[in-house]
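Some notes on the structure that comes next.
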Amino acid sequence: MGSNPSYPRTKRQIYEARQRRRANLIGGLSTAAVLMAIVLLVPLAPGWAAVKRVFFNGEVFAKTFPGLLNAFLLDIAIFLWCAPLIAVLGLALAIARDLRTPALTPLRLAAVGFIDVFRGLPVILVIYLIGFGIPGLGLPRPWNSPYLWGSLALILVYAAYVAEVIRSGIESVHDSQRNAALSLGLSGSDVMRFVVLPQAIRRVVPANMNLFIALQKDVALLSFIGPVEIFRQAGVYKSLYANFTPYLGAALIFLAITIPATRYADHLMNRQRKARS
Amino acid sequence: MTLVLENVQKAFGDVPVLRGIDLTIVPGQMICLIGASGSGKSTLLRCMNLLEPIDDGRILLDGVEISEPGHDPQPVRQRIGMVFQSYNLFPHMTAVENVMLAPRRVHGQSRAALRPRVEPLFARFGLADRMEHYPDQLSGGQQQRVAIIRALAMRPEIMLFDEITSALDPELVGEVLDVLRHLRGEGMTMVLATHEMGFARELADTVCFLDQGRILEAGPPSQIFETPQEARTRAFLSRVL
Ligand SMILES: Nc1ncnc2c1ncn2[C@@H]1O[C@H](COP(=O)(O)OP(=O)(O)OP(=O)(O)O)[C@@H](O)[C@H]1O
Ligand SMILES: [Mg+2]
């Protein structure tokens with residue numbers, strides 16, 4: 001602790017630095033060997049020429065990539081209007097789930113039922129049921145929009161997940177915090193609002209970030225009920241050019257968002273783990 | 001303000017923890033609870049603050065039976081402050097926010113109105129320059145002093161202290177005991193569970209020796225520490241002194 005690890009001083013630090021260099025060297029060499037094998041061997045496969053033309057077509061990639069990026073803006077828009085609603089509904093569900101007042105039992109039971117149902121169903125099924133079902137009632141514009149009902153499906157499902165994550169955070173706040181707050185004469189709801197929830201929510205930020213990363217990916221599922229977001233746009237290009245490269249482009253765009261976000265969530269989680277130990 | 005306990009009984013499951021406690025606390029009095037680990041000191045204090053419901057017996061605050069099932073605990077707790085062994089400061093708030101939370105919410109006072117009232121408390125206990133610090137930036141002794149200020153900010157009529165120096169490094173115990181001496185000097189009514197026998201002997205009006213959920217022996221410190229009547233009291237004291 002304290003001293004700079006790149007300037008080893010103690011015997012132990014010198015030893016560990018040497019071990020680290022060795023590990024890095026071995027890791028680098030073996031990775032290079034595997035990559036080389038792939039680059040040299042895969043093109044020798046009999047179907048490679050066809051695969052390359054259909055999946056790794058530079059020309060098609062260049063032509064379709066701007067259109068894909070444009071379509072991805074819709075994914076982002078859907079994400080941006082769903083995320084805050086999910087956060088609010090998830091928090092409300094988590095609080096309702098923990099209500100102890102007997103008069104509010106119906107609310108608690110409703111929250112439990114809601115969470116059980118929407119955590120128990122595949123997302124795509126909820127999107128179909130709500131996204132086709134409700135507009136199928138023959139509602140007038142704009143109430144028949146697949147954007148509206150598809151987004152609602154995502155909101156309901158993800159709010160159920162967020163509620164469970166927040167609840168685990170609430171349970172992780174030690175009883176001594178509640179007792180200390182109660183002993184000051186605070187009401188039960190003030191204890192929740194000012195003492196328990198702020199700590200609980202901070203603890204589950206990384207877990208919730210992972211959920212929102214999953215949400216960003218699941219926005220693509222809305223393509224099945226209409227909206228021309230990136231996945232659907234890639235499908236359109238595929239038919240147009242008779243080529244799968246647009247899907248590769250879409251994949252790269254998703255990864256450009258999700259990999260940094262996942263790394264950041266991991267980083268937050270590690271930092272919390274260290275702070276608590 | 002008078003707090004009276006009559007035949008207070010409390011069990012956790014089948015295990016009786018308090019087996020008929022009688023105790024009267026009058027204004028300005030300082031009572032120390034001593035006894036072996038598990039004798040029921042913490043449970044007794046928690047029952048007084050209604051953090052634990054009692055099974056039988058009565059607790060009366062100025063003649064009102066506050067232990068009655070269904071009695072609203074909130075106003076009672078506003079009059080009875082409590083400080084815990086493990087400080088239990090709220091980690092997401094600065095020291096001064098910890099102190100102002102309850103007066104703000106319970107009495108509806110604004111931060112601006114409260115600050116001039118709580119600043120002298122911090123100053124009095126040597127924490128004037130620590131008000132804006134978070135709990136994890138404070139030493140154990142400082143945290144415990146903030147916890148005491150937090151309880152005092154509600155202007156309680158009686159303070160309960162549960163082994164508030166037990167979690168502290170030995171060199172930090174003194175600064176917290178000094179705070180208690182100070183409060184004693186101001187005539188605060190206090191009940192302390194403590195392992196600091198020297199401190200109990202110095203300041204207590206009454207020392208109660210708890211043994212297996214009963215007050216086996218109670219009296220002024222001179223009597224309990226010098227001429228204990230019960231064999232179990234003598235055995236306990238010979239172990240800790
Ligand atoms: N919430 C609980 N559930 C079950 N048993 C409990 C609970 N709290 C306390 N007890 C038991 O009650 C008994 C008395 O505990 P208490 O904490 O009051 O003792 P104490 O005198 O404060 O001890 P110490 O000096 O170790 O703090 C112990 O046997 C303990 O295990
Ligand atoms: Mg105890």
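Show the residue pairs meeting these rules: Cβ distance below 7 Å; 6+ apart or different chains; first residue within segment B:183-200 and assigned to a loop (DSSP other than H, G, I, E, B); second residue within 16 Å of ligand 1 (Cβ to nearest atom) and small (Gly, Ala, Ser).
B:Thr194/B:Ala200; B:His195/B:Ser166
So, B:Phe199, is that one of a type in the set (Phe, Trp, Tyr), at pLDDT 90 or above and within 15 Å of the chain's Cα centre (by Cα) or not?
Considered against the rule, which asks whether it is of a type in the set (Phe, Trp, Tyr), at pLDDT 90 or above and within 15 Å of the chain's Cα centre (by Cα), B:Phe199 comes out as yes.
Can you tell me which of (1) farther than 21 Å from B:Ser37 by Cα; (2) open to solvent by less than 40 Å² (accessible area, probe 1.4 Å); (3) of a type in the set (Ser, Thr, Tyr) is the one B:Thr233 doesn't meet?
(1)
For B:Ser86, are the conditions met, namely being within 14 Å of another protein chain (Cβ to nearest Cβ), in a helix (DSSP H, G or I) and within 16 Å of ligand 2 (Cβ to nearest atom)?
No.
Within segment B:1-50, count every residue that is within 16 Å of ligand 2 (Cβ to nearest atom), within 16 Å of B:Val207 (Cβ to Cβ) and free of Cβ contacts under 8 Å to residues at least 40 places away in the same chain.
0
When B:His71 is evaluated against the numbered criteria (1) more than 21 Å from the chain's Cα centre (by Cα); (2) at pLDDT below 95; (3) crowded, with 18+ Cβ neighbours inside 10 Å, which criterion, by number, is the only one it fails?
With (1) more than 21 Å from the chain's Cα centre (by Cα); (2) at pLDDT below 95; (3) crowded, with 18+ Cβ neighbours inside 10 Å applied to B:His71, the lone miss is (3).
What is the residue count in segment B:34-64 for residues that are more than 18 Å from B:Pro156 (Cβ to Cβ), within 14 Å of chain A (Cβ to nearest Cβ) and away from ligand 1 (no atom under 15 Å from the Cβ)?
Going through segment B:34-64 one residue at a time, the tally reaches 0.
Taking the conditions exactly as written (buried (at least 21 other Cβ atoms within 10 Å of the Cβ), away from ligand 2 (no atom under 16 Å from the Cβ) and within 14 Å of chain A (Cβ to nearest Cβ)), does B:Ile80 satisfy them or not?
Answer is yes for this residue.
Cβ contacts < 7 Å: first residue away from chain B (no Cβ under 14 Å) and part of a helix (DSSP H, G or I), restricted to segment A:192-211; second residue surrounded by 18 or more Cβ atoms within 10 Å (Cβ to Cβ) and among the hydroxyl-bearing types (Ser, Thr, Tyr), any location; separation 6+ or different chain. Result?
Going by the 7 Å Cβ cut-off, the qualifying pairs are A:Leu211/A:Tyr158; A:Leu211/A:Tyr161.
Which one of these does A:Tyr161 not meet: (1) in contact (Cβ under 8 Å) with a residue 40 or more places away in the chain; (2) more than 14 Å from chain B (Cβ to nearest Cβ); (3) open to solvent by 20 Å² or more (accessible area, probe 1.4 Å); (4) within 30 Å of B:Ser86 (Cβ to Cβ)?
So A:Tyr161 meets the others, but not (4).
Test of understanding: among B:His71, B:His92, which residue is in a loop (DSSP other than H, G, I, E, B) and in contact with an Asp or Glu (Cβ under 8 Å, 6 or more places away or on another chain)?
Result of the check over B:His71, B:His92: B:His71.
Is there a residue being among the β-branched types (Val, Ile, Thr) and away from ligand 1 (no atom under 14 Å from the Cβ) anywhere in segment B:65-78?
Within segment B:65-78, one or more residues are among the β-branched types (Val, Ile, Thr) and away from ligand 1 (no atom under 14 Å from the Cβ).
Would you point out which residue out of A:Val51, A:Val39, A:Val112, A:Val117 is of a type in the set (Val, Ile, Thr), farther than 25 Å from A:Thr258 by Cα and loosely packed, with under 10 Cβ neighbours inside 10 Å?
The unique qualifying residue is A:Val39.
I need the full set of residues from segment B:38-53 which are under 22 Å from A:Ser187 (Cβ atoms) and part of a loop (DSSP other than H, G, I, E, B), in order please.
Of everything in segment B:38-53, those that are under 22 Å from A:Ser187 (Cβ atoms) and part of a loop (DSSP other than H, G, I, E, B) turn out to be B:Asn49, B:Leu50, B:Leu51, B:Glu52, B:Pro53.
The values are calculated or read from the model by the stated rules, or taken from the named source; none is laboratory data. Here the structure is a predicted model, which means the values were calculated and not measured. As a convention, Cβ positions derive from the backbone with ideal geometry for all residues, glycine included, and neighbour counts pool all protein chains shown. What goes into the accessible areas is simple: the full protein's heavy atoms, side chains included, and nothing from ligands, DNA or RNA. Shrake-Rupley method; radii C 1.70, N 1.55, O 1.52, S 1.80 Å.
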